[in-house]
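The values are calculated or read from the model by the stated rules, or taken from the named source; none is laboratory data. Remember, predicted model here, so these are calculated numbers, not experimental data. In this analysis, Cβ positions are derived from the backbone assuming ideal geometry, glycine residues included, and neighbour counts consider all displayed protein chains.
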Amino acid sequence: MRGIIKHFPGAKALDGVDLQIRAGEVHCLLGQNGAGKSTLIKVLSGAHQPTKGEILWKGEEVTIPTTMAALRLGISTMYQELDVVDGLSVAENIFLGHELSSGGVLRRGTALERTRDLLRRLGHPEIPAQREVGRLPAAGKQIVSMARALSHDAQLIIMDEPSAVLDPEEVENLFRVVRALRDQGVAVVYISHRLEEIRRIGDRITVLKDGRTVATSLEVEDTPTRELISLMTGHEVISDFGGTAVGPTSDQPLLEVDGLSIEGVFDPVSFEVSPGEVVGLAGLVGAGRSEILETIYGARRATAGEVRVKGKKLRRGSIADAVSHGVGLAPEERKSQGLLLDEPIYRNITLSTFARFARSGLLNERAERAAAREQAEALHLSPADVQRNIRTLSGGNQQKAMLARWLVHGCEVLLLDEPTRGVDVGARAEIYGLVRELSRQGTAVLMVSSEIEEVLGLADRVLVVADGRVVHTGASKDMDEHQVLDLVMEGAHR
């Protein structure tokens with residue numbers, strides 16, 4: 001790709017990007033949220049057309065007008081946001097758009113057989129080929145998306161944050177597949193904000209910043225992490241999890257969870273979170289961590305137990321009651337569960353606080369925009385124009401908008417589910433700092449993260465969750481990553 005420029009109305013997403021990919025290599029594409037990575041891969045995959053620039057495939061200039069044209073060339077893409085169809089089976093998803101047929105008749109038996117082969121190749125033979133995808137957890141859907149990419153016999157596979165919803169064992173499976181593809185001569189473009197993954201899986205690196213290439217074809221083994229961070233951000237960023245932990249500011253609990261459970265989902269769990277305290281839930285994907293947060297928030301109805309905020313019992317299954325008592329949730333799947341993608345930024349920020357901006361039953365949009373703008377500036381939202389459609393923001397900035405919603409609302413209990421998923425190193429540091437500042441102000445924070453280092457770095461206490469049960473509770477300062485992982489695996493085994 002040479003001199004790729006891409007204009008959108010009112011914005012230049014790419015401003016002369018160069019990218020060179022060799023057969024049989026893992027080429028890592030790095031950059032902060034909003035650097036242009038997603039736009040670049042959409043140009044390469046035929047989803048967007050470049051305003052200027054050229055694409056050469058095997059030495060010859062090509063145009064890629066559609067995603068099907070990219071697939072015909074041998075370019076397959078796995079997007080960060082899962083692109084599966086919940087109502088179809090695993091096999092139907094994998095061969096969607098290139099169904100196996102003979103004489104106009106679908107070869108369902110052949111499709112099922114090839115699906116099982118692909119799932120075995122990915123290390124997940126336990127996923128039924130005929131299972132409806134909507135019944136799979138997020139990690140299972142990611143495996144289906146990977147199998148679809150492999151089903152095209154692609155020569156170049158683009159993977160956008162493929163490990164974001166995978167647990168450590170599944171990440172190892174992913175790396176095994178990527179290495180096997182590389183050894184077979186397949187090129188892989190690998191996008192990740194986890195720099196330790198780049199070290200383990202990458203061969204060369206290209207770094208984007210503000211829609212431009214700032215470094216390309218860097219050898220992974222010859223480029224220090226400090227240099228990569230500096231290239232991405234324009235300055236040195238040290239991830240210290242926002243400074244020293246604050247700890248509880250009161251002996252009186254703000255959030256009390258007592259015997260809370262959903263039959264068949266997670267066992268009874270009891271704990272407290274005090275003002276100024278950060279409590280982390282550690283465990284594997286699918287262990288029940290997110291379900292606990294969603295039940296506290298009222299998005300799921302508990303079958304037993306209760307939740308109290310400042311001693312007042314919340315109604316089961318009532319989000320409105322939770323929000324009115326000062327509980328806020330930033331969900332893992334922000335696009336599908338937390339944002340109104342076709343609404344402006346300011347409306348997404350004020351979504352839970354409409355009453356404050358109402359006059360005689362009508363919303364005061366000027367006041368809405370002013371309150372949203374204040375938080376957007378405080379959180380360094382980019383771009384800062386709160387009247388823009390939130391769909392146009394990068395993942396990290398969408399996450400900042402989610403947090404801004406609860407800052408405007410003034411919530412006292414903040415539930416964070418994978419708060420830094422798909423977020424670059426600079427935005428991570430800002431989110432860590434925000435969590436620390438909220439705890440200093442007396443907010444009770446309950447967080448879920450698949451990155452054990454993040455849980456231990458941010459939380460005062462850690463609840464280890466395995467197979468729907470809390471198997472251990474302890475102070476984060478008394479635990480390390482290996483101990484947590486051992487507890488998780490032992491609990492899952494039991």
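Quick look at the values:
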{"item": "Condition met for T39 (under 30 Å from Q399 (Cβ atoms), in a strand (DSSP E or B) and touching a Lys or Arg at 6+ places or on another chain (Cβ under 9 Å))", "result": "no"}
{"item": "Residue within the range 94-117 that is in contact with a strand residue (DSSP E or B) (Cβ under 6 Å, 6 or more places away or on another chain), assigned to a loop (DSSP other than H, G, I, E, B) and either in contact (Cβ under 8 Å) with a residue 40 or more places away in the chain or of a type in the set (A, V, I, L, M, F, W, C) (or both) present", "result": "no"}
{"item": "Criterion (closer than 27 Å to S230 by Cβ and modelled with pLDDT under 95) met by exactly one of G36, G10", "result": "G36"}
{"item": "Counted residues, the range 353-382 - those being touching a strand residue (DSSP E or B) at 6+ places or on another chain (Cβ under 7 Å) and in contact (Cβ under 8 Å) with a residue 40 or more places away in the chain", "result": "0"}
{"item": "Test for V273: is it touching a Pro at 6+ places or on another chain (Cβ under 8 Å), buried (at least 21 other Cβ atoms within 10 Å of the Cβ) and of a type in the set (V, I, T)", "result": "yes"}
{"item": "Single unsatisfied condition, E368 versus (1) more than 21 Å from E277 (Cα to Cα); (2) out of contact with any helix residue (DSSP H, G or I) (no Cβ under 6 Å at 6 or more places or on another chain); (3) among the acidic types (D, E)", "result": "(2)"}
{"item": "Scope the range 288-333; condition touching a residue at least 24 places away in the same chain (Cβ under 8 Å) and among the basic types (K, R); matching residues", "result": "R289, R300, R301, R308, K310"}
{"item": "Criterion: of a type in the set (A, V, I, L, M, F, W, C), touching a residue at least 40 places away in the same chain (Cβ under 8 Å) and within 22 Å of E169 (Cβ to Cβ) - qualifying residue of V435, V470", "result": "V470"}
{"item": "Residue within the range 13-32 that is polar (S, T, N, Q), crowded, with 23+ Cβ neighbours inside 10 Å and in contact with a Ser or Thr (Cβ under 9 Å, 6 or more places away or on another chain) present", "result": "yes"}
{"item": "Among residues of the range 1-49, those that are under 24 Å from V425 (Cα atoms) and not polar (S, T, N, Q), counted", "result": "22"}
{"item": "Residues satisfying the stated conditions in the range 86-107, i.e. farther than 22 Å from L73 by Cα and either touching a Leu at 6+ places or on another chain (Cβ under 8 Å) or among the hydroxyl-bearing types (S, T, Y) (or both)", "result": "L88, S89, V90, A91, S102, L106, R107"}
{"item": "Verdict on G185 being modelled with pLDDT under 85, surrounded by fewer than 20 Cβ atoms within 10 Å (Cβ to Cβ), in the same structural domain as E219 (by TED's automatic domain parsing) and assigned to a loop (DSSP other than H, G, I, E, B)", "result": "no"}
{"item": "Some residue of the range 52-70 being part of a loop (DSSP other than H, G, I, E, B), surrounded by 16 or more Cβ atoms within 10 Å (Cβ to Cβ) and in contact with a strand residue (DSSP E or B) (Cβ under 6 Å, 6 or more places away or on another chain)", "result": "no"}
{"item": "Any hit, the range 304-318, residues being of a type in the set (D, E, K, R), modelled with pLDDT of 90 or more, farther than 30 Å from G140 by Cα and surrounded by 22 or more Cβ atoms within 10 Å (Cβ to Cβ)", "result": "no"}
{"item": "Set R120, R116: member being modelled with pLDDT of 90 or more and either within 11 Å of A147 (Cα to Cα) or among the aliphatic types (A, V, I, L, M) (or both)", "result": "R116"}
